[in-house]
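Below: the structure, in C-alpha cells.
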Amino acid sequence: MTTGTTGTAGTAGTTDTAGTARTAPTTSATTGTTATTGTTGARGSRRRRAGSGSGRLRRTLLASAVAAAVALPVSAAASPNVPAPAATTFAEGADAPTRYAANRAALAEAARMAEAAGRTGRADRLRAMEAAGTAQFLTFDGHGKGRAVEVFGDLENADRVTVLVPGSDTTLDTYQRFRAGAVALQQRLQAEHARSAVVAWLGYDTPGTISTTVLTAARAEQAAAELGPFLDRLKDRAGPGARLSLLCHSYGSVVCARTATGSTVGDMVFYGSPGTASGSAAELPTGARVWAGRGSGDWIAEVPHVRLGGIGLGADPVDPAFGARAFAAGTAGHSDYLKPGTESLDSLAAIVLGTTSDPEAPRA
C-alpha cells in the first residue's frame, strides 16, 4: 500500500518468500444411491466453500494490484546500489544531541558519495533530508532502501511523544512525503501542547506495494523485532513520565500489530489499514487503547479482508467486530490522513493529546 504522509526491521535487500495457497484435490463421486448422492452434495458443498475462499484470495491480489496502480503519489524506485558510509554506532548512553550531530555528518557524506557515483537523484534527496543542518536523526543508514529515525521537537523534554510507522514503498527516495506528515502532525500538536515531539520511524525495509511480500506479515514480524526495543529506549530518552502513542499507516499497521509494547504505549492507532493479520484488538500484544479509522476517499477499503494460508491480512480494523475504538477520518484518501486542515489530522492529534472523547471499544 503506497504511503503518503506517513508508507515495515531487517537488513536492506532482504527478500521474503510468500507462501502459496493450495486447493485440496477433488474426488469424483459415484451416483446411483441415496447415500452416495448425499456424500456428493457434502463434497460439492466443501468444494464450493474452498472455491469461494480461493476466489476471495484472487480478488485480494487483484484489488491490491489495481489500487497500487492508481494510488498517488507514485513512489520513486529504491536505489540499492548507491554507495554510503557505514552507519554510525553509538555508546549506550549517547544523548540525543550527540546522535543528531553524528548523523547529520553521515547524511552529508552519503550525499557526497551518491553525487560522486552519479546518483544525483539520491544525492538531492539526502541533501533535502539534512534540512540545512537542522535535522535531528537518531538513526541514519544510507545503504539500499535506507533507514532513518527522525525527531521533530524537543524529545528530551517532551511529555507527549508520537511514533509514526510508515507503510509500503517508504524509502530514502520517498522520504519527503513521510517527513511532511510528521511535520504537519508536530505543528498541529504544538498548537495545543508545547511539550510534544514526533518521531518518524523508518526503521525497517518496507515491502513494495506491488509484491507478494505486502500480502503477508513476514516483513512486519522482522520490523516488530526492531520497533519494540526502540520504543523502550525512546521512553527513556523522552521527558519524565512521557506518554507514547503509536500511529500506524497502511502496512505499518501490520508492523504495530506484531509489536509487543506492553504498557509502554498508551494509544495504538491504525489508519488506512489493509488489515493487521490479527483477528481482533484483543489479540494484540499491547496494553494500549487501540483505535482505527478510514477516510471515505481511501481506496484501501476495496481490498477484501481475507487470510488464507498466511496470505492476506485478515480482519478489517474499522469493523466493530475487530474491537477497536473508532475515530473520525473525514474524506481522507490513502495518502491524506496527516494533511494540514483535515478532520483526520485533528482526530489523530486529539488521540495523542488525550482530548478526544474516549468511546468504549465495541464488543466483538
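The values are calculated or read from the model by the stated rules, or taken from the named source; none is laboratory data. As the structure is a prediction and not an experimental result, all values here were calculated from the model. Note that each Cβ is placed from the backbone with ideal geometry, even for glycine, and that neighbours are counted across all protein chains shown. Just the protein is used for accessible areas: all its heavy atoms, side chains included, with ligands, DNA and RNA removed. Shrake-Rupley method; radii C 1.70, N 1.55, O 1.52, S 1.80 Å.
Among the numbered conditions (1) buried (at least 23 other Cβ atoms within 10 Å of the Cβ); (2) modelled with pLDDT of 95 or more; (3) of a type outside the set (S, T, N, Q); (4) not in a helix (DSSP H, G or I), the only one that Leu345 does not meet is (4).
Taken over region 284-308, residues that are under 16 Å from Val265 (Cβ atoms), open to solvent by 20 Å² or more (accessible area, probe 1.4 Å) and either in contact with a Ser or Thr (Cβ under 9 Å, 6 or more places away or on another chain) or hydroxyl-bearing (Ser, Thr, Tyr) (or both) amount to 3. On the stretch given as region 198-247, residues that are within 20 Å of Arg289 (Cα to Cα) and of a type outside the set (Val, Ile, Thr) total 16. You will find that of Ala180, Ala194, Ala200, the residue that is open to solvent by 10 Å² or more (accessible area, probe 1.4 Å), among the aliphatic types (A, V, I, L, M) and touching a Ser or Thr at 6+ places or on another chain (Cβ under 9 Å) is Ala180 and no other.
Would you check if Thr162 is touching a Lys or Arg at 6+ places or on another chain (Cβ under 7 Å), surrounded by 15 or more Cβ atoms within 10 Å (Cβ to Cβ) and not in a helix (DSSP H, G or I)? The answer is no for Thr162. Among the residues of region 210-221, some residue qualifies, meaning at least one is in a helix (DSSP H, G or I), buried (at least 20 other Cβ atoms within 10 Å of the Cβ) and not hydrophobic (A, V, I, L, M, F, W, C). When we screen Thr264, Thr276 for residues that are modelled with pLDDT under 95, polar (S, T, N, Q) and under 25 Å from Asp336 (Cβ atoms), the only hit is Thr276.
Inspect region 270-281 for any residue being crowded, with 24+ Cβ neighbours inside 10 Å, of a type in the set (Val, Ile, Thr) and outside any loop (DSSP other than H, G, I, E, B) and give the result as yes or no. Within region 270-281, not a single residue is crowded, with 24+ Cβ neighbours inside 10 Å, of a type in the set (Val, Ile, Thr) and outside any loop (DSSP other than H, G, I, E, B).
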